[in-house]
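Enquirer: Can you read through this structure? Questions will come right after.
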Amino acid sequence: MRYGGLSNVGRGNPGARSRVALKSSGSAMQDACRYSNRPLAFLARYVRRRPGAHAAIAIAVVAAVACSVGAQYAVKVLVDTLAGGLSVGTHARDAWLGFLLLATLIAADNFLWR
């Protein structure tokens with residue numbers, strides 16, 4: 001009987017499965033050897049095979065870097081707000097907003113790197 005192109009796999013012919021695996025891995029090895037002198041073409045092949053996953057990773061990395069840089073500016077805003085003095089009114093509210101901005105950017109930075 002033939003199942004998926006294999007004859008008598010697992011029935012009285014224990015080596016059939018390994019011979020089929022060797023045949024398929026031989027063509028895979030030749031396929032990989034085509035890229036031995038072209039590493040960028042090798043990487044581009046994998047990017048083309050899974051563009052959505054690579055785009056998601058690239059977007060997450062760029063967003064994490066943006067959050068990291070933004071956190072530095074949030075520290076500056078918080079320090080400038082606190083240096084102006086905290087009186088009852090708008091300055092206390094601005095200090096809390098600066099703190100929330102800083103905490104949000106740090107949390108997003110950590111989340112995006114995961």
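The rows are residues; the columns are (1) within 34 Å of the chain's Cα centre (by Cα); (2) modelled with pLDDT of 85 or more; (3) loosely packed, with under 12 Cβ neighbours inside 10 Å; (4) in a helix (DSSP H, G or I).
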residue	(1), (2), (3), (4)
SER27	yes, no, yes, yes
PHE42	yes, yes, no, yes
ALA55	yes, yes, yes, yes
ALA58	yes, yes, yes, yes
ALA63	yes, yes, no, yes
CYS67	yes, yes, no, yes
LEU78	yes, yes, no, yes
THR81	no, no, no, yes
VAL88	no, no, yes, no
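Enquirer: Check TYR35, TYR73 and return the single one that is of a type in the set (Ser, Thr, Tyr) and touching a helix residue (DSSP H, G or I) at 6+ places or on another chain (Cβ under 8 Å). So that I can check it myself, show each step before the final result.
Expert: On the way: TYR73 fails: touching a helix residue (DSSP H, G or I) at 6+ places or on another chain (Cβ under 8 Å).
None of the others qualify; the one that does is TYR35.
Enquirer: If the Cβ limit is 6 Å and pairs must be 6+ apart or interchain, which residue in the stretch 61-81 that is closer than 10 Å to LEU105 by Cα and in contact (Cβ under 8 Å) with a residue 12 or more places away in the chain pairs with which residue that is among the aromatic types (Phe, Trp, Tyr) and surrounded by 12 or more Cβ atoms within 10 Å (Cβ to Cβ)?
Expert: Correct list of pairs: ALA64/TRP113.
Enquirer: Report, by residue number, each residue of the stretch 44-60 that is under 23 Å from ALA108 (Cα atoms), out of contact with any helix residue (DSSP H, G or I) (no Cβ under 6 Å at 6 or more places or on another chain) and not aliphatic (A, V, I, L, M).
Expert: Filtering the stretch 44-60 down to residues under 23 Å from ALA108 (Cα atoms) leaves 52-60.
Then keep just the ones that are out of contact with any helix residue (DSSP H, G or I) (no Cβ under 6 Å at 6 or more places or on another chain); that gives 52-53, 55-59.
Correct list: GLY52 only.
Enquirer: Another question, if that's okay. Would you check which residues across the stretch 90-114 are of a type in the set (A, V, I, L, M, F, W, C) and part of a loop (DSSP other than H, G, I, E, B) and list them? Spell out how you get there, then give the answer.
Expert: Initially, the stretch 90-114 is screened for residues of a type in the set (A, V, I, L, M, F, W, C), giving 92, 95-97, 99-103, 105-108, 111-113.
Residues satisfying the conditions do not exist here.
Enquirer: Here is a follow-up. Surrounded by fewer than 16 Cβ atoms within 10 Å (Cβ to Cβ), among the hydrophobic types (A, V, I, L, M, F, W, C) and more than 25 Å from the chain's Cα centre (by Cα): is that true of LEU97 in this structure?
Expert: Numbers: surrounded by fewer than 16 Cβ atoms within 10 Å (Cβ to Cβ): yes; among the hydrophobic types (A, V, I, L, M, F, W, C): yes; more than 25 Å from the chain's Cα centre (by Cα): yes.
Answer is yes for this residue.
The values are calculated or read from the model by the stated rules, or taken from the named source; none is laboratory data. All values derive from a computational prediction rather than experimental measurement. Virtual Cβ from ideal backbone geometry, glycine too; neighbours counted across all protein chains shown.
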